[in-house]
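Please read the structure below before turning to the comments.
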Amino acid sequence: MLNLEVDLGERSYPILIGPGLLGQPGKLSPYIKGSRVLVVTNEVVAPLYLEALMASLQAAGNVQVDTLVLPDGEHTKTLATLQLIYDALLSNRHERSTTLIALGGGVTGDITGFAAATYQRGVNFIQVPTTLLAQVDSSVGGKTGVNHALGKNMIGAFYQPQCVLVDIDVLSTLSARELRAGMAEVIKYGLLGNYEFFVWLEQHIEALLTGDADLLTQAVKICCEEKARIVAADEREGGMRALLNLGHTFGHAIEAAMGYGNWLHGEAVATGMVMAADLSRRMGWIGADDAARARELVVRAGLPVCPPPEMTADQFMSLMAVDKKVQSGKVRFVLLRGLGGAVIESEIEPTLLQQTLLAGERLCQ
């Protein structure tokens, strides 16, 4: 088992990575503060892994465990679903000493974390991510929240877990589409700040997509190390943490336009990264060869590289204008000054941005 740490002083917590961790008795016991637990999962994950987690918790000692199974899908990441968690907590008389455990992907982790942040002004919670995307990104760093019809993750809070338990074995039950979607966030770490990792991904992307456990463990470890380092330096996204949004400004616009869940988050981010590389090329920050390498790796990962054909440049501009990353009325983009060298930029030449958006339209016609 690998044990990484997110260094936040008194609020530091471990990321435990390895095979078979989910069913090991007592693995989560040190991070459960009271005698009550609510496990929040969804209808897809529950039949696969809820029984193993329950057995592990019950074997660990005197803990009373309640469960809540939510519907699945990005479209359920709403205030209405959040209300179901509050209802379960209140109807079962959970107190401030309770611990919430999120067993699932990014949607489950984000919404459970937000419930933990706000129930009785804050209770403990633990992340047990079951998708590659959640393991390498959303479960680490304390971003929690729900979507609004006008923007993704617009309602939420920064709230750190007590522990993140990453069981590599659960990735074996992911659909090919979900595994590919998670690979978008893996590629992101290579592009934004780790060129050696980007090269490693070029060498191993096909093997990773076959589910090679050893390679996936290495990839998850490197991504979590990168995420932990950035979060420790900038927990609330006042500066460098915004680099983690590479591809997300364009990607969130795609998700909002197409309806949450119709494009998976990783699929939208993949296209967004290709668009960011294209804009970086137009600005003269990277060469055509580097832009092509970024695009080719996304293609080899089986991910989309151009936006939906029905999306117009004007629609992109309208949706990006309400993104969380807008500052002083200007959209902030994460762009590339080289592979493995991302920067945050709000002073974008409108003509060049329009060219990138129009190029996307033409590619998909």
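A few remarks follow.
- Between the listed residues Q58, L21, Y119, the Cα displaced farthest toward the positive end of the dipole of the chain, a dipole computed from Cβ unit charges relative to the Cα centre, is found at Y119.
- The charge dipole of the chain, taken about its Cα centre with unit charges on the Cβ of Lys, Arg, Asp and Glu (plus for the first two, minus for the last two), comes to roughly 720 debye.
- Computed from backbone phi with θ = phi - 60° and the Karplus coefficients 6.51, -1.76 and 1.60, the 3J(HN,Hα) list for segment 142-158 is x, 7, 10, x, 9, 8, 10, 4, 9, x, 7, 6, 7, 10, x, 7, 7 Hz; x is used for glycine and proline.
- Averaging the Cα positions of each part gives two centres, and for segment 268-286 and segment 44-107 these lie 39 Å apart.
- Global form of segment 2-173, assessed from the alpha-carbon gyration tensor, a/c cut-off 1.5: rounded
- You can think of it this way: the chain between S318 and T351 has 10.3 nm of extra reach, that is 0.36 nm per residue less the Cα-Cα gap.
- Computed from Cα atoms, the angle from the helix 288-300 axis to the main principal axis of the chain rounds to 40 degrees.
- Since only G106, A242, G360 are under comparison, the one whose Cα sits farthest along the positive direction of the charge dipole of the chain, derived from C-beta charges on Lys, Arg, Asp and Glu, is A242.
- Against the rule of thumb 2.2 N^0.38 Å, how large the Cα Rg of segment 226-328 comes out: 1.11
- The ellipsoid equivalent to the alpha-carbon distribution of segment 37-106 has semi-axes of 20, 17, 8 angstrom, derived from the gyration tensor eigenvalues as √(5λ) and listed largest first.
- Degrees, to the nearest 10: 176-193 long Cα axis against longest axis of the chain: 70
- Calculated on the Cα set of segment 279-339, radius of gyration then Dmax: 13.8, 38 Å.
- 0 to 90° range, to nearest 10: angle between helix 265-282 axis and the chain longest Cα axis: 30
- Projected area averaged over orientations for segment 176-363, convex hull of C-alpha atoms, nm²: 10.0
- Simple label model, 7 Å out from Cα along Cβ direction - S29 to T173, nm: 2.5
- Which labelled figure in (i) 1.62; (ii) 0.96; (iii) 1.11 is Cα Rg over 2.2 N^0.38 Å, once derived from the coordinates: (ii)
- Under 5 Å between amide hydrogens, built in the peptide plane, is the criterion, and for I101 it picks out L38, V39, V40, I126 among residues at least 5 positions away or on other chains.
- Note on segment 129-235: Cα Rg divided by 2.2 N^0.38 Å, N the number of residues, gives 1.10.
- Of K33/K152; K27/K188; K143/K227; K143/K221, those spanning more than 23 Å from alpha-carbon to alpha-carbon: K33/K152; K27/K188
- Ranking V45, Q160, G287 by how far each Cα lies toward the positive end of the dipole of the chain (charges on Cβ) leaves Q160 at the top.
- Label point distance in nm, R93-E202, each placed 7 Å from Cα along Cα→Cβ: 6.3
We did not get these values from a lab; they are worked out from the coordinates using the rules stated. Keep in mind the model is a prediction, meaning the values are calculated, not measured. Here the Cβ is made from the backbone with ideal geometry for all residues, glycine too, and neighbour counts use every protein chain on show.
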